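Heads up: the structure comes next, in structure tokens.
The values are calculated or read from the model by the stated rules, or taken from the named source; none is laboratory data. Every value quoted in this text rests on a predicted model; they were computed, and no experiment measured them. Note: ideal-geometry Cβ built from the backbone for every residue, glycine included; neighbour counts use all protein chains shown. What goes into the accessible areas is simple: the full protein's heavy atoms, side chains included, and nothing from ligands, DNA or RNA. Shrake-Rupley method; radii C 1.70, N 1.55, O 1.52, S 1.80 Å.
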Amino acid sequence: MIAKQLKIWMAQTPEYKLFSGFAAIVVLSLFSAAASGYYVLAGLPALVLFAWFCLLDFRKIYYLLLFCLPLSTEVYLPGGLGTDLPTEPIMVVLMLVLGAFVLQRKDGTGIERRFFMHPITLLLMAHVGWIFATTLSSEMFLVSLKFSLAKTWYITVFFFLSGYLIRTEREVKILFWIVFSSLMFTVLVTMVRHSAYGFSFRDIHRVLHPFQRNHVNYAATLALFFPILFFAISWYRRFSRLWWFLSLSAVFMLAAIYLSYTRAAYISLLLAAGAYVVVHLRLMRYILMAGALAVVLVISSLAINNRYLDYAPNYDRTVTHYNFDNLLEATYKMEDISTMERVYRWVAGSHMTATHPYMGFGPGNFVNFYKPYAVTSFQTYVSDNKEQSGIHSYFLMTLVEQGWPGLLLLVALLFYTLIKGETIYHQTSDPARRRLVLMALLCLVVIDSFLLINDMIETDKVGSFFFIFMAILVNLDLANRKEELDGKREQDAED
């Protein structure tokens, strides 16, 4: 009887065999889980599907990763390590899958050589190469190695794989709707929870778990996505259902950003609005040069005769504020604890740089070494740093951990990307593609502004979009070049 049924099954179509085989796996896994008490066995069908798509259509696994970005949660592991679940394991799998794909692809349909040779790609690889170089000289090698490995799968997946999968406006739309759906779910849940506390500033932290670490990360995620949502509205006919839906969603997201009570988010959106004008007027290089000069002058003036000590806070008056209006007032009075704790760590970082100016302390090592370099007059009530948070400035973090070459490479990458993006915008004739360029640029401007007083590229909810939109800019530039080359060929053919 079994042999007869097996013979009938073998005669069926491949689709029927796959469906029935998977159904058998589902039934057996559920039965095994119930019978043994090891309920993790019930997840075997999902694992089988995951492996199947990895082998045959890893694009769907990439889409799954995008969907999980707003939903992921931080999990701390033994030994002081941490990870983001489920996103980081998926990144590692996709990195391995992409490696196998590139090695076996011989027909020229993989990642284009032009993508690898683009100046943005080369600068990014130089930046990563220096991270690995400073890992070898690190004060704590294992910590730096973990940092470097994480950077590897972030860039492999979000830059190179995104560069392969997201090349057209249609693919950007797919990315938008996937991330938008899960992100708006987290915003809705957060807003409903927050409403139970009267949208108070004091209670914003307690309503974010498990989606966000704190209100700054939450605000950064919303702020960087807002330009994407803003330009997505233009994809649909004015006053159509989708136009109204996205317009109302944009208003809702603005309200969520405001109720995140994050000063950096407000400033970043204002800078993005300014960048919109700057790009149109071709002023990006001048604004960046002026900004860099202003930073150098401010730091130099504070360093002369240790003038920065004049701004040391009053320990008893530098406290946590539970009213947002009081927080804003305390900020300009230098009495806000979060602001002054940043200064405490920045001062420590500047002293660390003087001792390791060329190779730094090694990636990921600021928190392990900064305490002896701190100045006690800047100490606050939270300077014990129980949560082991970083220096709160990605630029200064890079300087401390990777030395001056590391900082210069990072600045070169960021500045060149923005300046090149402006050039790409003005070289683009297709209106839809121009909007994509502007979308990518404004998203990067928001992220870059957060990096001034936060270190967020290593977080999956922010760093992912940093590399994705950098890759999209590269593809848009390559599309322009191809269009220009095709036009020249047609002209030559006519001549």
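Quick check on Phe415: is it among the hydrophobic types (A, V, I, L, M, F, W, C) and either without any contact (Cβ under 8 Å) to a residue 24 or more places away in the chain or open to solvent by less than 10 Å² (accessible area, probe 1.4 Å) (or both)? The answer is no for Phe415. For residues that are of a type in the set (S, T, N, Q) and at pLDDT 80 or above, scanning just region 353-391, find the one that is surrounded by the fewest Cβ atoms within 10 Å (Cβ to Cβ). So, considering only residues that are of a type in the set (S, T, N, Q) and at pLDDT 80 or above, the one surrounded by the fewest Cβ atoms within 10 Å (Cβ to Cβ) is Thr355.
Please state which one of Leu438, Leu485 is part of a helix (DSSP H, G or I) and at pLDDT 95 or above.
Working: Leu485 fails: at pLDDT 95 or above.
Only one candidate qualifies: Leu438.
When Leu188, Leu175, Leu183 are checked against the criterion of being of a type in the set (A, V, I, L, M), in a helix (DSSP H, G or I), open to solvent by 40 Å² or more (accessible area, probe 1.4 Å) and closer than 29 Å to Ile61 by Cβ, Leu188 stands alone in meeting it.
Just to be sure, is Ser144 hydroxyl-bearing (Ser, Thr, Tyr), in contact with a helix residue (DSSP H, G or I) (Cβ under 6 Å, 6 or more places away or on another chain) and modelled with pLDDT under 95? So Ser144 passes the test.
Entry remark, region 193-223: residues being of a type in the set (Lys, Arg) and open to solvent by less than 10 Å² (accessible area, probe 1.4 Å) number 0 in total. Every test in (1) surrounded by 12 or more Cβ atoms within 10 Å (Cβ to Cβ); (2) over 22 Å from the mean Cα position of the chain (by Cα) is passed by Ala275 save one, and that test is (2). Per the listing Phe252, Phe239, Phe226, the residue uniquely on the phi > 0 side of the Ramachandran plot and open to solvent by 10 Å² or more (accessible area, probe 1.4 Å) is Phe239.
Whenever a residue of region 275-294 is under 19 Å from Pro227 (Cα atoms), its partners that are assigned to a helix (DSSP H, G or I) and among the hydroxyl-bearing types (Ser, Thr, Tyr), lying with C-beta atoms within less than 8 angstrom and at least six residues away or across chains, give the pairs Val279/Tyr425.
Give the residue that is modelled with the lowest pLDDT, with candidates limited to residues of region 415-435 that are among the hydroxyl-bearing types (Ser, Thr, Tyr) and within 21 Å of Glu171 (Cβ to Cβ).
Ser429
Apart from one condition, Ser260 fits all of (1) at pLDDT 95 or above; (2) within 19 Å of Asn454 (Cβ to Cβ); the exception is (1).
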